[in-house]
1. Take Gly99 and decide whether it is closer than 22 Å to Phe59 by Cβ and open to solvent by less than 30 Å² (accessible area, probe 1.4 Å).
2. Would you be able to say whether some residue in segment 79-89 is in contact (Cβ under 8 Å) with a residue 12 or more places away in the chain, small (Gly, Ala, Ser) and open to solvent by less than 60 Å² (accessible area, probe 1.4 Å)?
3. Yes or no: segment 113-131 includes at least one residue that is of a type outside the set (A, V, I, L, M) and within 13 Å of the chain's Cα centre (by Cα).
4. Out of the residues in segment 16-26 that are open to solvent by 70 Å² or more (accessible area, probe 1.4 Å) and not β-branched (Val, Ile, Thr), state the one that is nearest to Met126 (Cα to Cα).
5. Every residue in segment 27-55 that is closer than 24 Å to Leu164 by Cβ and open to solvent by less than 70 Å² (accessible area, probe 1.4 Å), please.
6. Residue under question is Pro152, and the condition is that it be farther than 27 Å from Phe37 by Cα and either surrounded by fewer than 16 Cβ atoms within 10 Å (Cβ to Cβ) or of a type in the set (Val, Ile, Thr) (or both); does it hold?
7. Tell me which residues, restricted to segment 109-129, are surrounded by fewer than 20 Cβ atoms within 10 Å (Cβ to Cβ) and out of contact with any Leu (no Cβ under 9 Å at 6 or more places or on another chain).
Amino acid sequence: MSSIFTSLGRTVLAGFVLLILILLALGANLTSVELPFLFRWIHVMVGIMWVGLLWYFNFVQIPSMAKIPDEQKPAIAKVIAPTALFWFRWSALFTVVSGLILAVLNGYAHQAFTLQPPFRAIGLGMWIALYMAFNVWFIIWPNQKRALGIVPAEPEVKAKSARLAMLVSRFNTMLSIPMLFLMVAQSHNVTWFAIV
């Protein structure tokens, strides 16, 4: 059993196997899985990873950096942050792609993007998420590459890049709160003012 949990790949695979076993035990017909539901599940999974990493950076890593002794900071900058940023940016991309596919499969992409009723809430949430993903790929990631020394930069450029990446990350954290609310309100609160 411990061999499963000593490998991330085996752990994730075991999670999928466990899911299939649970579904079979509940009497699910795995041949009748609907594509929109599958993409909703994928969208939620990768969205949790994206926002979870965003909140990890802002609630854990950034506030903790000032408390870490200088001789230990390279472990964060050279190992932990680049790995976390890899998963962060790719989960952002897969969240957006799976969300767009989901909107198309469910037939509300046009109405959502043009903020038409009854898809205004999810549409606004989609626009916010797209803006956040843009920030991840085109502001946070390029600045983090300089700040972490992945690409060469002068010390003052590194410092400015680190600050800009942090500020934009904080901006995305702020945006994640209404974005998540709007996504949930669309599906689970039909009387909410934002969706009419």
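The values are calculated or read from the model by the stated rules, or taken from the named source; none is laboratory data. Here the structure is a predicted model, which is why all the values come from computation and not from measurement. Every residue, glycine as well, gets a Cβ built from its backbone with ideal geometry; the counts of neighbours run over all protein chains shown. Ligands, DNA and RNA are stripped out before the accessible areas are found, and what is left, the full protein with its side chains, is counted by its heavy atoms. Shrake-Rupley method; radii C 1.70, N 1.55, O 1.52, S 1.80 Å.
1. no
2. yes
3. In the first step, residues of segment 113-131 are kept if they are of a type outside the set (A, V, I, L, M); the result is 113-114, 116-120, 123, 125, 127, 131.
Among the residues that remain, those that are also within 13 Å of the chain's Cα centre (by Cα) are: 131.
Yes, because at least one residue in segment 113-131 is of a type outside the set (A, V, I, L, M) and within 13 Å of the chain's Cα centre (by Cα).
4. The extreme case among them is Phe16.
5. Those that are closer than 24 Å to Leu164 by Cβ and open to solvent by less than 70 Å² (accessible area, probe 1.4 Å): Trp50, Val51, Gly52, Leu53, Leu54.
6. Answer is yes for this residue.
7. His110, Gln111, Phe113, Thr114, Gln116, Pro117, Pro118
Here's the yes/no breakdown for (1) of a type outside the set (Val, Ile, Thr); (2) free of Cβ contacts under 8 Å to residues at least 12 places away in the same chain; (3) exposed (fewer than 14 other Cβ atoms within 10 Å of the Cβ); (4) out of contact with any Gly (no Cβ under 8 Å at 6 or more places or on another chain):
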{"residue": "Val136", "(1), (2), (3), (4)": "no, no, no, yes"}
{"residue": "Glu156", "(1), (2), (3), (4)": "yes, yes, yes, yes"}
{"residue": "Arg163", "(1), (2), (3), (4)": "yes, yes, yes, yes"}
{"residue": "Leu180", "(1), (2), (3), (4)": "yes, no, no, no"}
